[in-house]
Amino acid sequence: MPELELRLGVQERFELQLIAVGFVQEWRDGDGNRTGVSDLEFDARVRLWEQEDWRPATAVEFGLSFPTGSGFATSDGFDPEGEILYAWDFAERWNLNGNFDFASETQGEDDSSRHFIFRPELALGLSISERLGTFIEYYGVIEEDAANQHSIDGGFTFLVNEDLQLDVSAGAGLNDAAPDFFVAAGVAWRLPRLWE
């Protein structure tokens, strides 16, 4: 924490992103606790088209993480990633969105080899009111040479005003390889325009 994502709209269909998981602390039974700072990731997103009938709104994203983290928290390599994002709005208050994320990651300071990771995600959202929303989401981590992880989570979003949104969520793993459970809270704040 804090998991930071800074997004900059450059043009109507193009944005840049800077992402960092932040400070990481891991508690481990019998092997000591570990702390560190995460790698930084730089992404570019291009919106391809808007929703039309059954064709979802679609965007693509390409990114590269940099080995800026410390100790156990760094992959110790430059790791490319690509993502296809899609979303449907339907029945006035419902939306369905998700992504297919593909990455090739190095394995840390002690292992420079790479392996392929596929991260599917699918979320169903409902606008309860103009300000309050809720969602339920499946996501997975399917790795080469590692046990696959499958998880589910859900939560609420609250729009304080047109520039500020709060959220809270909780989730649990669906198999032994996934984390047992988690809770999270977040803030999304839209900054004033830097230029007209």
Margin query: Take the conditions in contact with a Phe, Trp or Tyr (Cβ under 8 Å, 6 or more places away or on another chain) and of a type in the set (A, V, I, L, M) and apply them to residue 172. Does it pass?
Written below: yes
Notebook entry, point to check: Quick check: anything in the range 38-47 farther than 18 Å from residue 188 by Cβ, over 18 Å from the mean Cα position of the chain (by Cα) and modelled with pLDDT under 95?
Noted result: no
Kindly indicate whether residue 119 is surrounded by fewer than 18 Cβ atoms within 10 Å (Cβ to Cβ), among the charged types (D, E, K, R), within 22 Å of residue 146 (Cβ to Cβ) and at pLDDT 90 or above.
yes
Among the residues of the range 141-155, the number that are out of contact with any Lys or Arg (no Cβ under 8 Å at 6 or more places or on another chain), aliphatic (A, V, I, L, M) and farther than 16 Å from residue 170 by Cα is 2
Picking from 174, 191, the residue that is in contact with a strand residue (DSSP E or B) (Cβ under 7 Å, 6 or more places away or on another chain) and not charged (D, E, K, R) would be 174
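The values are calculated or read from the model by the stated rules, or taken from the named source; none is laboratory data. Worth saying up front: this structure is predicted, and the values here are computed from it rather than measured. All Cβ positions, glycine included, derive from the backbone under ideal geometry; neighbour counts span all protein chains shown.
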